[in-house]
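The values are calculated or read from the model by the stated rules, or taken from the named source; none is laboratory data. All figures in this text were calculated on a predicted structure; none of them were measured in a lab. Positions of Cβ are backbone-derived with ideal geometry, glycine not excepted, and every protein chain shown enters the neighbour counts. Only protein heavy atoms, including side chains, enter the accessible area calculation; ligands, DNA and RNA are left aside. Shrake-Rupley method; radii C 1.70, N 1.55, O 1.52, S 1.80 Å.
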Amino acid sequence: MPDTQPPVATLIKQGAEARVYTIPFAGRPAIVKERFRKAYRHPTLDEKLTSRRVVQEARCLHRIRRAGVDTPTVYLVDLKASTIYMEFIDGISVRDHILATSPLNHQHERELATKIAKSLGVMHDMDIVHGDLTTSNMMMRAGDNPSLVLIDFGLSFVSTLVEDKAVDLYVLERALSSTHPDTDSFFQAILNAYAKNSKGGKPVLKKLEDVRRRGRKRTAFG
Amino acid sequence: MIAIGFEGSANKIGVGIMEHSDDGKVSVLANPRHTYITPPGQGFLPKDTAAHHRAHVIPLTLEALAEANLTPKDIDVICFTKGPGMGGPLTTVAIAARTLSLLWGVPLVAVNHCVGHIEMGRMITGADNPVVLYVSGGNTQVIAFSEQRYRIFGEAIDIAVGNCLDRFARILGLPNEPFPGWQIEQRAKKGTQLIDLPYTVKGMDVSFSGILSHMESLVRDHDPYLPDAPYTADDLCFSLQETVFAMLVEITERALAHIGATEVLIVGGVGCNERLQGMMGEMATQRGAHLFATDERFCIDNGLMIAQAGLLAHKHGVVTDLTDTWCTQRYRTDEVLVTWR
């Protein structure tokens, strides 16, 4: 039986929904993601959301890793403790990477955009929607020609709907423009590569136009 | 400097007067308001709302001047809502502002309604650089300040949360006085049963139209006012509040975590709901952040918020030329270049 009470867990991040620790797990560095109770939420609603998201997250991580997208390997799921044990990724977030190298040069921008688009394309072709695409939820492994790793599938779900995939991209667009102003060309490069690399890409991009218009419509009233 | 602000983008018309002294002191001198109340089960139509505003704009202006003990000569700048909002009501109030500007010989400043809410909230609560949850009948936005703009991190992708609550109040036939959300809040306090509702958070965005349709079908299936109904109207109000507020707190928390902020400010009409404030407060406590909220005098649309945002801009050289004093129904929060921060 694996030890569910790790002896030397170090808190590395307190996110909005979970605490992330590093621990040694069977001889290698691992990440423990523990979803905690939200005091503000009705207990019934809280329990429903938490257990649903733990299962969903583990399932989606596993499925897209099998499809060839780089994500942390799942080691163990402890549903009672709302905890997932997974691989520790040695690298930095795309957010920090962009902030550190800003402004991105053209060549580098295109390479990064292509990597992101390829991962998203495969993921969407598997009918998996990430649900919280931000540059904080993408990492680059340490080393030369680093592989792009998608992380935090806490809000992910399975859907065949073009609509859901388009909203996924829309969420990324919004996150990009709010975190990294003046990244229009970067997002456009992601979309171009997405169209090329994803089998179902074209209708998703078409739908994205609709989602954007609807988003813009939200300016209507005071 | 003294500013008078005119607000009338929805069913409230308000006139506020605000003074910024040279020593940095900020004083609220007057903030009267009048609300257009429709019968239970009905919303407010633009044409009727504009007529209401036309009838009240002059009496309110006189009331504000009298309360502040000022004459038109004391006013340095006239601020009015440029948008977003309903076309008819907006232009009605803009005409009043333009007329007074010509009569009194005072410059005009056009103000974004959403920025008015944010600046008002910051001024009243003293919050310095908060993540703002702006929730009203027309808007649902999670906002943070970055590179001279109020940037929208998350928002409702269909109807606003206040619109969802208002329309559900209409379905239940609740009175629109003092406002529909207040009626739902009172009923929710008596609800005991949590009904399973759709929960739709997409990243930092939320969606409410599906929840509203679901609520509609619940009422259609079982009249909640009948004694043998499986749920009461109170239960429905309770469940609706618990679900939509949990969604709002969740996206606000996500924005806090994303930028590493430690202050939260709630503004807009739905912001005076005490259950929402309570939930947000618990979230803030759990992560060592601080909640700032105001009451209905400042949360709900009012003239003072327009005076405050307009005066801040005016002190940094903004004047709106008479030919540019048009209104727009669509005016995003992030379109405004914030020169005063």
Average Cα contact separation per residue, segment A:91-216, under 8 Å, 6 or more apart, as relative contact order %: 33 percent
Give me, ordered by chain and number, the residues 5 or more places off A:G91 or on other chains with an amide H under 5 Å from its own placed amide H. A:A142
If I model a spin label at A:K48 and B:D23 as a point 7 Å from the Cα along the Cα→Cβ vector, what separation in nanometres do I get? 5.7 nm
Inter-part distance where segment A:104-170 and segment A:21-65 are each reduced to a Cα centre, Å: 20 Å
For chain B, what does the helix formula give at 222 nm: sum of -39500 (n - 2.57) over DSSP H segments with n ≥ 4, over the residue count, nearest 500 deg cm²/dmol? -14000 deg cm²/dmol
When chain B is treated as a GNM, springs tying every alpha-carbon pair under 10 Å, which of B:G43, B:G85, B:G271 comes out with the largest mean-square fluctuation? B:G43
Taking 8 Å as the Cα distance limit and 6 or more residues as the minimum spacing, I'd like the relative contact order of chain A as a percentage. 18 percent
Among all stretches of chain B without exposed chymotrypsin sites (Phe, Trp or Tyr not before Pro) (DSSP loop, at most 12 other Cβ atoms within 10 Å), which one is longest? B:1-224
Treating the angle as unsigned and between 0 and 90°, give the value, to the nearest 10°, between the Cα long axis of helix B:180-190 and the longest Cα principal axis of chain B. 40 degrees
Whose amide H sits under 5 Å from the amide H of B:C79, counting only residues 5 or more places off or on another chain, with H placed in the peptide plane? B:I4, B:G5, B:F6, B:V109
When N is the residue count of segment B:9-139, what does its C-alpha Rg come to as a fraction of 2.2 N^0.38 Å? 1.11
Note, ³J(HN,Hα) from phi for segment B:206-218, Karplus 6.51, -1.76, 1.60, rounded to Hz, x at Gly and Pro: 10, 9, 10, 5, x, 5, 4, 4, 4, 4, 4, 5, 5
Mean projection area, nm², convex hull over Cα of the protein assembly as shown: 28.1 nm²
Residue (of B:T35, B:T243, B:G317) at the positive-pole extreme of chain B, dipole from beta-carbon charges: B:G317
If you plug each phi of segment A:106-114 into the Karplus form 6.51 cos²θ - 1.76 cosθ + 1.60 with θ = phi - 60°, what whole-Hz ³J(HN,Hα) values come out, in order, with x for Gly and Pro? 4, 4, 5, 4, 5, 4, 5, 4, 5
Residue order for B:D334, A:D46 - accessible surface, 1.4 angstrom probe, largest first: B:D334, A:D46
Among B:Y225, B:A261, A:V54, which residue has its Cα positioned farthest towards the positive end of the charge dipole of the protein assembly as shown, with +1 placed on the Cβ of Lys and Arg, -1 on the Cβ of Asp and Glu, and the dipole taken about the Cα centre? A:V54
Which one of B:I124, B:S9, B:A169 is farthest out on the positive end of the charge dipole of chain B, using unit charges on Cβ (Lys, Arg +1; Asp, Glu -1) and the Cα centre as origin? B:S9
Could you pull out the pairs from A:K80/B:K202; B:K12/B:K190; A:K207/B:K190; A:K206/B:K47; A:K13/A:K115 whose alpha carbons sit more than 31 Å apart here? A:K207/B:K190; A:K206/B:K47
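Please give me, ordered by residue number, the trypsin sites (Lys or Arg not before Pro) of segment B:260-307 that lie in loop per DSSP and have at most 15 other Cβ atoms within 10 Å.
Filter output for segment B:260-307: B:R287.
Would you list A:K80, A:K38, A:K115, B:K47 from the most to the least accessible area, probe 1.4 Å?
From most exposed to least exposed: A:K80, B:K47, A:K115, A:K38.
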Restricting attention to the protein assembly as shown, give the cysteines that have no other cysteine Cβ less than 4.7 angstrom from their Cβ. A:C60, B:C79, B:C114, B:C164, B:C237, B:C327
Test item: Cα-centred dipole of the protein assembly as shown, Lys/Arg +1 and Asp/Glu -1 on Cβ, debye: 1200 debye
Carbon and sulfur atoms account, in whole percent of the 1.4 Å probe accessible area of segment A:91-216, for 52 percent
So what's segment A:10-87 giving for Rg/Rh, alpha carbon basis, Kirkwood Rh from the mean inverse pair distance? 0.99
Within a 10 angstrom radius of each residue's Cβ in A:113-125, how many Cβ atoms of other chains show up on average? Whole number is fine. 0
What do you get for the angle between helix A:184-197 and the principal long axis of chain A? Use alpha-carbon atoms, 0 to 90 degrees, nearest ten. 80 degrees
Please compute the contact order of chain B in relative form: average sequence separation of alpha-carbon pairs under 8 Å and at least six residues apart, divided by the residue count, as a percent. 26 percent
Per-residue mean of C-beta atoms belonging to partner chains within 10 Å, peptide A:161-171: 2
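Enumerate by residue number the GluC sites (Glu not before Pro) in segment B:96-198 meeting two conditions: DSSP loop (anything except H, G, I, E, B), and at most 12 other Cβ atoms within 10 Å of the site's Cβ.
Loop-located and lightly packed - B:E147.
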Can you work out ³J(HN,Hα) from phi for every residue in segment A:76-83, in order, using Karplus 6.51 cos²θ - 1.76 cosθ + 1.60 and θ = phi - 60°, giving whole Hz and x for Gly and Pro? 7, 10, 10, 5, 4, 9, 6, 10
What angle do you read, to the nearest 10 degrees and between 0 and 90, between the alpha-carbon axis of helix B:161-172 and the longest principal axis of chain B? 60 degrees
Cα extents of chain B along the three principal axes, largest first, in whole Å? 65, 45, 31
Within a 10 angstrom radius of each residue's Cβ in B:139-146, how many Cβ atoms of other chains show up on average? Whole number is fine. 2
Nearest-10 value in Å² for the accessible area of A:K206, using the 1.4 Å probe: 150 Å²
Over segment A:86-222, the quotient of the Cα radius of gyration and 2.2 N^0.38 Å is 1.04
Within segment A:10-87: Cβ-based charge dipole about Cα centre, in debye rounded to nearest 20 (Lys, Arg +1; Asp, Glu -1): 180 debye
Accessible area of B:M1 in the full protein assembly, 1.4 Å probe (Å², nearest 10): 80 Å²
Sequence-distant residues sharing a close amide H with B:L45 (under 5 Å, placed H): none
Hey, for a label at B:E63 modelled as a point 7 Å past Cα toward Cβ, could you say which residues of segment B:81-115 have their backbone N under 17 Å away? B:93
